[in-house]
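Right, one structure below, let's go through it.
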Amino acid sequence: MEAVRSLFFPKWFSDVRLEGKTAIVTGANAGIGKETAKDLAGRGARVILACRDMAKGERAAHDIVREVKEAKVVVMQLDLADIKSIYQFAENISNTETALHYLINNAGVAMCPFAKTVDGFEMQFGVNHLGHFLLTFLLLNLLKHSAPSQVINVSSVAHMMGKIQFDDLSGERNYHPVRAYAQSKLANILFTKELARRTEDTGVSVFSLHPGVVQSDLWRHQHQCIQLAVKIFRIFTKTTVEGAQTTIYCAVEPGLECQSGGYFSDCAPARCSRAASDDDLAQKLWEISCSMLGITWQ
């Protein structure tokens, strides 16, 4: 089985060390976020686990410290479905951190029933896109101050089915869980492209990526038949360790700065959809996102 899996998921390895570096990983209490945090901690970085559920975050930190000798991990509360929580998290970071080298926007919800964030945004667009958009806005000066630094946005190949429904971003007129998820993942890539353009020559690199179809809790909202299929065909799906590899690759692989704004999959550059490559669409989404959040981001 391992020989077959190796054909689908090529191995990648790097012994790059990250002593003196600080990283934030959102959604780091489980899944690929936890594995990403553990890997970075194993390389010597100080890792902040940004988690909505503090109890789960503390358990994840305990696991990492148990498995990684001398791991430096901190748990901080962050609810991406609540603007107030995002501002509070950013304020806590500004009060405790003098540098930030990696912002890994990993947390997300997938294909859930219709719901709204605390501030009235459709849940998937609100958490997956707007929450990370605001978080990055609030931390960008620290990232610039700490350059070279990176913003890494975990997207999905599902973005290829996505379309930005500017006339119904609330999802109230025609909500469909899969379409809403694909829209949010397309938004991740468009955000990456526009942020890379705006941070050119600042020392901040920006990447988006598809982690693969991962055996994780992300499928919890799906019909039992889909969950069963993921388990049955696990040879074609990634473990959480495998699913974290492209995120880690974007963080530590030397020389990727010249590919800022790029989209990656399986630890290599990948093709994204035509919509995800549309500069005008990226700019329009940027402007509307700022308006929705009530911020001015030049």
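Just so you know, all these numbers are worked out from the coordinates, no wet-lab data involved. Computed from a predicted structure; not experimentally measured. In this analysis, Cβ positions are derived from the backbone assuming ideal geometry, glycine residues included, and neighbour counts consider all displayed protein chains.
Placing R0 at 25 angstrom, the Cβ-Cβ distance between residue 69 and residue 270 gives a FRET efficiency of 0.15 after rounding to 0.05. Once the C-beta distance of residue 145 and residue 56 is scaled by a Förster radius of 30 Å, the resulting FRET efficiency is 0.45 to the nearest 0.05.
Of the chain, which part is the longest with no trypsin sites (Lys or Arg not before Pro) in a loop (DSSP not H, G, I, E, B) and with at most 16 other C-beta atoms within 10 angstrom? Numbers along the way, then the final one.
Working: sites that count: 11, 17, 69, 163, 173, 220, 271, 274.
By the stated rule (loop sites, at most 16 other Cβ atoms within 10 Å), 70-162.
Using only Cα atoms, figure out Rg for segment 13-61 and give it as a multiple of 2.2 N^0.38 Å.
1.10
About its Cα centre, segment 3-137 has a charge dipole of approximately 420 debye under the convention of +1 per Lys or Arg Cβ and -1 per Asp or Glu Cβ, with nothing else charged. Sorted fewest first by neighbouring Cβ atoms within 10 angstrom, 13, 166, 191 come out as 13, 166, 191. Taking a straight Cα-Cα cut-off under 16 Å and skipping sequence neighbours fewer than 8 places away in the same chain, the lysines within cross-link reach of residue 72 are 21, 34, 38. Taking label points 7 Å from Cα along the Cα-to-Cβ direction, residue 118 and residue 295 give a separation of 1.6 nm. Dividing the Cα radius of gyration of segment 128-199 by its Kirkwood radius returns 1.04 for Rg/Rh. Extension gain, residue 172 to residue 12: 0.36 nm times the residue separation minus the Cα-Cα distance gives 53.3 nm.
Ordering 260, 47, 94 by the projection of their Cα atoms onto the charge dipole of the chain, which places +1 on the Cβ of Lys and Arg and -1 on the Cβ of Asp and Glu, puts 47 at the extreme positive end. Extending 7 Å from Cα along the Cβ direction at residue 87 and again at residue 161 yields two label points whose distance is 3.6 nm. Within the chain, the ratio Rg/Rh, alpha carbon atoms throughout and Rh by Kirkwood, equals 0.93. Mind running the shape call on segment 87-187? Use the C-alpha gyration tensor, a ≥ b ≥ c as the square roots of the eigenvalues: rounded below 1.5 for a/c, prolate if a/b tops b/c, oblate otherwise. Because a/c hits 1.5 or more and a/b exceeds b/c, segment 87-187 counts as prolate.
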